[in-house]
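Please see the structure below; I have some questions.
The values are calculated or read from the model by the stated rules, or taken from the named source; none is laboratory data. What you are looking at is a predicted structure, and each value in this text was computed from that prediction instead of being measured. So basically every Cβ, Gly included, is an ideal-geometry build from the backbone, and we count neighbours across all protein chains shown. When the accessible area is computed, the model is the full protein with side chains, heavy atoms only, and any ligands, DNA or RNA have been set aside. Shrake-Rupley method; radii C 1.70, N 1.55, O 1.52, S 1.80 Å.
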Amino acid sequence: MQVYTIKGMGCTGCAATVEERLSKVSGVTAVRVDFDQQKAFVEAPKEVPLAELKKALEGTDYTIEKA
């Protein structure tokens with residue numbers, strides 16, 4: 001599991017949007033976004049490049065960084 005810090009989330013709806021977008025990234029098998037911790041937990045058989053996760057959030061106010 002990979003853990004990332006998400007910035008820009010202001011509500012649980014934001015967390016749901018981030019979760020939905022990250023779950024569509026190729027290779028990702030599961031995503032859980034914790035609004036209170038401002039973290040995303042990404043499961044994949046192998047590490048997904050951070051650049052691909054960032055691309056999934058393009059056009060939003062959210063940013064993702066390795067935790």
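Give me the pairs: first residue in segment 1-15 and assigned to a strand (DSSP E or B), second residue open to solvent by less than 60 Å² (accessible area, probe 1.4 Å) and among the hydroxyl-bearing types (S, T, Y), beta-carbon distance under 9 Å, and six or more apart or on different chains, which are they?
Partner pairs satisfying both residue conditions: I6/Y62; K7/Y62.
Per-residue answers, yes or no, for (1) over 15 Å from Q2 (Cα atoms); (2) surrounded by 11 or more Cβ atoms within 10 Å (Cβ to Cβ):
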| residue | (1), (2) |
| --- | --- |
| A16 | yes, yes |
| R21 | yes, yes |
| S26 | no, no |
| V31 | no, yes |
| Q37 | no, yes |
| A51 | no, no |
| K55 | yes, yes |
| G59 | yes, no |
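Hey, among the residues in segment 16-26 that are assigned to a helix (DSSP H, G or I) and either out of contact with any Ser or Thr (no Cβ under 9 Å at 6 or more places or on another chain) or among the small types (G, A, S) (or both), which one's nearest to E52 (Cα to Cα)?
Checking each candidate, the answer is L22.
Still on this model: Return the only residue of T12, T5 being of a type in the set (S, T, N, Q) and exposed (fewer than 13 other Cβ atoms within 10 Å of the Cβ).
Only one candidate qualifies: T12.
Here is a further query. With the requirement that a residue be charged (D, E, K, R), assigned to a loop (DSSP other than H, G, I, E, B) and modelled with pLDDT of 95 or more, what does segment 27-60 give you?
D36, E58
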